[in-house]
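Take a look at the structure set out below.
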Amino acid sequence: MKKIVKKWVKSCQECQKRSHLQQKEEAKISVTSTLFERVSMDAVHIKEGIWKYLVVSRDEFSGLPETVELTRLTEKSVTEWIRRYGAPKEVIVDGGAEFGKEIQEAVKRA
């Protein structure tokens, strides 16, 4: 029983906040060395107007942000936009439904 309680307390966020013996996670630092090696992307659904989506990307090396308005969020529309710079080695998305697996794979192949 003692082992079970100890394990539960270690995994409980509220318990960790109150404890003087907090479990700490190591920070994972990942540095890029070239432009467009790693790109973060997200899409926002626009409810009014002719554009239905606003796609935002940011190059992790330079910090360069860029946006594009799209009427449809498809593999083709996203990859045509990305192709101007070449395919990034890594694309970071938040896991939302906007960027399904097909679009993520298409961006990597762009």
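In the stretch 7-18, the condition of being in contact with a helix residue (DSSP H, G or I) (Cβ under 8 Å, 6 or more places away or on another chain), modelled with pLDDT of 90 or more and among the β-branched types (Val, Ile, Thr) is met by no residue.
Residues are listed down the side, and each one gets a yes or a no for (1) within 26 Å of Ile92 (Cα to Cα); (2) charged (D, E, K, R):
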| position | (1), (2) |
| --- | --- |
| Lys7 | no, yes |
| Glu14 | no, yes |
| His20 | no, no |
| Ile29 | yes, no |
| Ser33 | yes, no |
| Glu37 | yes, yes |
| Ile46 | yes, no |
| Leu54 | yes, no |
| Asp59 | yes, yes |
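Contact map, the stretch 42-55: first residue among the aromatic types (Phe, Trp, Tyr), second residue in a loop (DSSP other than H, G, I, E, B), Cβ cut-off under 9 Å, separation 6 or more or different chains; pairs are Trp51/Thr71; Tyr53/Ile46; Tyr53/Thr71; Tyr53/Arg72; Tyr53/Leu73; Tyr53/Glu98. The residue pairs whose first member lies in the stretch 66-95 and is free of Cβ contacts under 8 Å to residues at least 12 places away in the same chain, whose second member is of a type outside the set (Lys, Arg), and whose beta carbons are closer than 6 Å, counting only pairs six or more residues apart or on different chains, are Glu66/Ser57; Ser77/Leu70. In summary, strands (runs of 3 or more DSSP E) completely within the stretch 3-110 and bearing 2 or more residues that are among the acidic types (Asp, Glu) and surrounded by 10 or more Cβ atoms within 10 Å (Cβ to Cβ) occur at 65-70.
Would it be correct to say that Val5 is among the β-branched types (Val, Ile, Thr) and in contact (Cβ under 8 Å) with a residue 12 or more places away in the chain?
Values: among the β-branched types (Val, Ile, Thr): yes; in contact (Cβ under 8 Å) with a residue 12 or more places away in the chain: no.
No; evaluated as a whole, the condition is false for this residue.
The values are calculated or read from the model by the stated rules, or taken from the named source; none is laboratory data. Since this is a predicted model, take the numbers as computed values, not measurements. Neighbour counts run over all protein chains shown; Cβ positions are idealised from the backbone, glycine included.
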